[in-house]
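Q: Pasting in a structure now, in structure tokens, and then I'll have a few things to ask.
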Amino acid sequence: MTAQETLNNVEKALDEIRPFLISDGGNITLLSIENSIVKVQLEGACTGCSVNHMTLKNGVEATIRKYAPQIEEVINVT
């Protein structure tokens, strides 16, 4: 898979999960993809949410891996 295809697939995954985050007063922005690691920034209510780590791993990372299985990890950059 090319870098552009990976980027497109990660964006598709974020588009799928974004409505759930927005409904809770948050959002997510893709910052970069480096060496199979996706860097994102949780925004709004997601920044102070006590379960944002769980959301990141169980929601965002799982959804991204569904679209781009080569991704090893998703990290939130604050």
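The values are calculated or read from the model by the stated rules, or taken from the named source; none is laboratory data. Owing to the predicted nature of the structure, the values given are computational and were not obtained by experimental measurement. Methodologically, a virtual Cβ is constructed for each residue, glycine included, from the backbone with ideal geometry; neighbour enumeration extends over all protein chains shown. For accessibility, only protein heavy atoms count, side chains too; no ligands or nucleic acids. Shrake-Rupley method; radii C 1.70, N 1.55, O 1.52, S 1.80 Å.
Q: Starting from residues that are of a type in the set (A, V, I, L, M, F, W, C) and in a helix (DSSP H, G or I), keep the ones in the stretch 31-78 and report whichever is farthest from Gln4 (Cα to Cα).
A: Top of the filtered list is Ala45.
Q: Hey, among the residues in the stretch 34-78 that are open to solvent by 50 Å² or more (accessible area, probe 1.4 Å) and among the hydroxyl-bearing types (Ser, Thr, Tyr), which one's farthest from the chain's Cα centre (by Cα)?
A: Result: Ser50.
Q: Next up: Would you please list the contacts, defined by Cβ atoms under 9 Å and residues six or more apart or on different chains, that run from a residue in the stretch 1-29 that is without any contact (Cβ under 8 Å) to a residue 40 or more places away in the chain to a residue that is of a type in the set (Ser, Thr, Tyr) and surrounded by 12 or more Cβ atoms within 10 Å (Cβ to Cβ)?
A: The qualifying pairs are Asn8/Tyr67; Glu11/Tyr67; Phe20/Thr55; Leu21/Thr55; Asp24/Thr55; Gly26/Thr47; Gly26/Thr55.
Q: Another question, if that's okay. Being more than 16 Å from Thr78 (Cα to Cα), modelled with pLDDT of 90 or more, open to solvent by 40 Å² or more (accessible area, probe 1.4 Å) and aliphatic (A, V, I, L, M) is true for just one of Leu7, Leu14, Leu31. Which residue is that?
A: Step by step, each of Leu7, Leu14, Leu31 is checked, and only Leu7 is more than 16 Å from Thr78 (Cα to Cα), modelled with pLDDT of 90 or more, open to solvent by 40 Å² or more (accessible area, probe 1.4 Å) and aliphatic (A, V, I, L, M).
Q: Name the single residue, out of those in the stretch 17-26 being touching a strand residue (DSSP E or B) at 6+ places or on another chain (Cβ under 8 Å) and not hydrophobic (A, V, I, L, M, F, W, C), that is farthest from Val74 (Cα to Cα).
A: Across the stretch 17-26, the extreme among qualifying residues is Gly25.
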